[in-house]
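The values are calculated or read from the model by the stated rules, or taken from the named source; none is laboratory data. Worth saying up front: this structure is predicted, and the values here are computed from it rather than measured. We place every Cβ from the backbone using ideal geometry, glycine too, and count neighbours over all the protein chains shown. In case anyone asks, the SASA skips ligands and DNA or RNA and just uses the protein heavy atoms, side chains included. Shrake-Rupley method; radii C 1.70, N 1.55, O 1.52, S 1.80 Å.
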Amino acid sequence: MMASDKPFRELMAAGGEVAAFSPLFSSLNSHLRLNYRNHRKVVVVDGTVGYVGGMNVGDEYLSRDPKMSPWRDTHVRLAGSSVWFMQERFFMDWAYATSTDPEQVDVSLYFPESVGNGDIPVQIVSSGPDTYESPIKSAMLGMIYAARKTVYIQTPYFAPDESFADALRIAAHSGVDVRLMISSLSDYRIVQCATLGYARDMQRYGVKIFSYEGFIHSKTVVVDGKVATIGTTNITNRSFTLDFEINAFFYSPEIGRQCEEIFLKDQINSVLVPEEFFKKKGLVTRATYNFARMFAPMM
């Protein structure tokens with residue numbers, strides 16, 4: 001169980017159920033557990049409507065914290081058979097957290113047949129340390145390598161592994177318009193330094209770096225305005241390998257255009273980072289960037 005159930009007492013008193021997926025302090029292990037957290041944000045209502053994206057439940061998402069305002073995020077509402085896969089993912093996680101048998105779930109109650117198929121191709125992809133590879137990263141890499149015109153990425157934390165950095169470098173060198181949007185604000189200083197260090201490398205490859213005037217928590221990738229993904233995955237090694245994540249992939253020009261328009265709208269509230277920004281940094285700042293990158297595998 002959780003270290004404290006105080007925030008959930010009213011919910012539990014009303015009949016709600018609460019479980020901790022991977023407690024910070026495990027009752028079975030005396031050591032502090034920092035890895036293998038469930039970073040997924042999933043809401044499923046009546047088995048027919050689902051929500052997934054970057055939004056947690058917190059006041060900062062309402063821009064109530066002046067130090068982190070404006071706070072920008074992207075979440076998506078889904079209806080149709082794709083919701084079944086979100087529901088399945090929830091029950092698998094719930095079974096793990098509560099040590100219950102997922103096969104005891106009332107399928108007729110939680111997976112109604114009348115949900116319909118919808119008219120937009122959607123793929124729900126989850127990944128974590130329990131998967132052989134990183135399916136979400138692999139899907140993103142496939143999108144980038146297939147790009148012909150544009151690759152637009154939004155992420156609050158940017159510490160890519162070599163394979164992801166190579167994909168962006170190759171795309172940029174191939175004439176693809178690659179744009180990376182990161183935050184001007186940060187809730188973790190060392191992660192921000194690492195992000196800037198990696199962004200400096202990307203700029204050298206020809207990637208355009210945009211600094212959002214606020215905190216952008218959105219995690220999206222859109223390619224050629226045709227294929228897009230929205231989810232919980234940051235472009236970091238932690239998200240790719242250590243955390244449990246979930247993304248929705250849309251194979252639709254309609255959704256692709258909408259995601260592209262969102263990016264371009266956010267770009268209005270962003271600053272294109274000039275090459276001089278990094279060139280003018282002093283020795284101490286550059287050393288700080290490099291030092292922070294040493295911790296990239298844990299970010």
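Angle between the Cα long axis of helix 82-98 and the longest principal axis of the chain, 0 to 90 degrees, nearest 10?
Approximately 70 degrees, to the nearest 10.
Suppose all protein chains stay in the model; what accessible area per residue would a 1.4 Å probe give for the chain, in Å²?
About 53 Å² of surface per residue is accessible.
Tilt of helix 135-145 relative to the longest C-alpha principal axis of the chain, in degrees (0 to 90, nearest 10)?
40
Quick one: work out the % antiparallel among DSSP beta bridges in the chain, nearest 5. If you can, show how the numbers build up before the last one.
Values: 32 of 47 bridges.
Beta bridges within the chain, antiparallel portion: roughly 70 percent.
Highest GNM mean-square fluctuation, the chain, Cα pairs closer than 10 Å: which of Ala165, Ala19, Ala248?
Residue with maximal mean-square fluctuation among Ala165, Ala19, Ala248: Ala19.
Rank by packing, highest mean first: peptides 233-243, 42-52, with packing defined as the count of other Cβ atoms within 10 Å averaged across residues. Walk me through the numbers on the way to the answer.
Details: 233-243: 23.1, 42-52: 17.6.
Per-residue Cβ counts within 10 Å, averaged per peptide and sorted highest first, yield 233-243, 42-52.
Can you list the trypsin sites (Lys or Arg not before Pro) in the range 129-226 that are in a DSSP coil and have 14 or fewer other beta carbons within 10 angstrom? Intermediate results must be reported in sequence, preceding the final value.
Details: sites: Lys137, Arg148, Lys149, Arg169, Arg179, Arg189, Arg200, Arg204, Lys208, Lys219, Lys226; in loops: Arg148, Lys149, Lys219, Lys226.
Answer by residue number: Arg148, Lys149.
Under a 1.4 angstrom probe, counting protein chains only, how are Leu11, Leu185 ranked by accessible area, largest first? Mind showing how you got there, number by number?
Values: Leu11 90, Leu185 50 Å².
So the residues, ranked largest to smallest area, are Leu11, Leu185.
Under 10 Å, Cα contacts only: if you run a Gaussian network model on the chain, which one of Ser252, Ser108, Ser138 comes out with the highest mean-square fluctuation?
Highest fluctuation of the listed residues: Ser108.
Measure nothing fancy, just the Cα-based angle from helix 283-293's long axis to the longest principal axis of the chain, in degrees from 0 to 90, nearest 10.
The helix 283-293 is inclined about 30 degrees to the chain.
Taking the range 206-265, which GluC sites (Glu not before Pro) meet the DSSP loop condition and have no more than 14 other C-beta atoms within 10 Å? Can you show the working numbers first?
Values: sites: Glu213, Glu245, Glu254, Glu260, Glu261; in loops: Glu213.
The qualifying sites: there are none.
Given the options Asp101, Asp224, Asp93, which has the most mean-square fluctuation in a GNM of the chain, springs set between C-alpha atoms less than 10 angstrom apart?
Asp101
Go through Lys6/Lys265; Lys67/Lys137; Lys6/Lys219; Lys67/Lys149; Lys6/Lys41 and tell me which ones have a Cα-Cα distance over 28 Å in this structure. Show your work: numbers first, answer last.
Numbers: Lys6/Lys265 40 Å; Lys67/Lys137 31 Å; Lys6/Lys219 30 Å; Lys67/Lys149 36 Å; Lys6/Lys41 21 Å.
As for pairs spanning more than 28 Å Cα to Cα, those are Lys6/Lys265; Lys67/Lys137; Lys6/Lys219; Lys67/Lys149.
Under the Karplus relation 6.51 cos²θ - 1.76 cosθ + 1.60, θ = phi - 60°, what is the ordered set of whole-Hz ³J(HN,Hα) values for the range 215-225, x standing for Gly and Pro?
So the J values, rounded to whole Hz, are 10, 9, 9, 5, 10, 9, 9, 9, 10, 6, x.
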